[in-house]
Amino acid sequence: MTPDQKVARLEQALQVAQRSDERRQAFGALRDCRVEGSVRVLAGYLDQAELVSEAAEAILDLAQPQKRNNRDLQAVKGDVVVTALKAIVEKVADDGLKARARGLMPR
């Protein structure tokens, strides 16, 4: 299954998930799908007070390179990411998350 296919399945799961902890689990799986679609799906949760921090953290994780299991993971790039980072700055109350988002924005 390609990362885009996984994102599509996770997006479907999020639509039927009824509890915040189920959505948080899906957010964790989206972090492993390092494509713009993951960022797009997560950005849709920046307006939900109970999930905003987790969605923002996942977006920030995707927007920067990571090292996991002795593998170098590239940052997700593109207009979707820039839009999501701007949304974090505008919508998230946590100053630390805002500062991290500002630091990842292209100059």
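Values for this structure:
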| read-out | value |
| --- | --- |
| The lone exception for Ala13 - which of (1) modelled with pLDDT of 95 or more; (2) not in a helix (DSSP H, G or I) it fails | (2) |
| Criterion: in contact with a Leu (Cβ under 8 Å, 6 or more places away or on another chain) and at pLDDT 95 or above - qualifying residue of Ala26, Ala99, Ala43 | Ala26 |
| Close pairs from segment 88-99: first over 17 Å from Ala58 (Cβ atoms) and touching a residue at least 40 places away in the same chain (Cβ under 8 Å), partner among the acidic types (Asp, Glu) and surrounded by fewer than 10 Cβ atoms within 10 Å (Cβ to Cβ), Cβ under 7 Å, at least 6 apart | none |
| Hits in segment 39-62 (condition: over 8 Å from the mean Cα position of the chain (by Cα) and in contact (Cβ under 8 Å) with a residue 40 or more places away in the chain) | Leu46, Asp47, Val52, Ser53 |
| Residue list for segment 65-107, restricted to those being in contact with a helix residue (DSSP H, G or I) (Cβ under 9 Å, 6 or more places away or on another chain), part of a loop (DSSP other than H, G, I, E, B) and loosely packed, with under 15 Cβ neighbours inside 10 Å | Ala75, Lys77, Gly78, Ala93, Asp94, Met105, Pro106 |
| Residue, nearest to Gly103 (Cα to Cα), within segment 15-38, restricted to residues that are of a type in the set (A, V, I, L, M, F, W, C) and either in contact (Cβ under 8 Å) with a residue 40 or more places away in the chain or surrounded by fewer than 19 Cβ atoms within 10 Å (Cβ to Cβ) (or both) | Val35 |
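The values are calculated or read from the model by the stated rules, or taken from the named source; none is laboratory data. Being a predicted model, the structure only gives us computed values, none of them experimental. Every residue, glycine among them, receives a Cβ derived from its backbone with ideal geometry; neighbour counts consider all protein chains shown.
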